Amino acid sequence: MEIEKVITYSAIAVAAIIVLIFSLDLAAGIFGRYIAMDVLFILGGGFLLWQGVETIFELR
């Protein structure tokens, strides 16, 4: 596998973990009730996911 694809898939995995953690925090309040921070991290992780998927499509 090419190194670009490995890096992109790694970034997608990290972004998915970030979105998952902060979505759970927003729903359950695990790390406290910082709603603005949760929403901004979810948006940032979603943007990184989108960019990763677009990059994978471009590398094909």
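Seen from residue 56, the other residues with C-beta closer than 15 Å to its C-beta sum to a net charge of -2, counting Lys and Arg as +1 and Asp and Glu as -1. For the chain, the relative contact order comes to 45 percent (Cα pairs under 8 Å, sequence separation of at least 6).
Label positions at residue 54 and residue 17, each projected 7 Å from the Cα along the C-beta direction, are separated by 2.5 nm. Taking other C-beta atoms within 10 Å as the exposure proxy, 41, 57, 31, 22 rank 57, 31, 41, 22 from fewest upward. Placing +1 on the Cβ of every Lys and Arg and -1 on the Cβ of every Asp and Glu, with nothing else charged, gives the chain a dipole about its Cα centre of roughly 140 debye.
Only the coordinates and a few stated rules stand behind these numbers; no lab work does. Since we're looking at a predicted model, the values are computed, not measured. Positions of Cβ are generated from backbone atoms using ideal geometry, with glycine treated the same way; all protein chains shown enter the neighbour counts.
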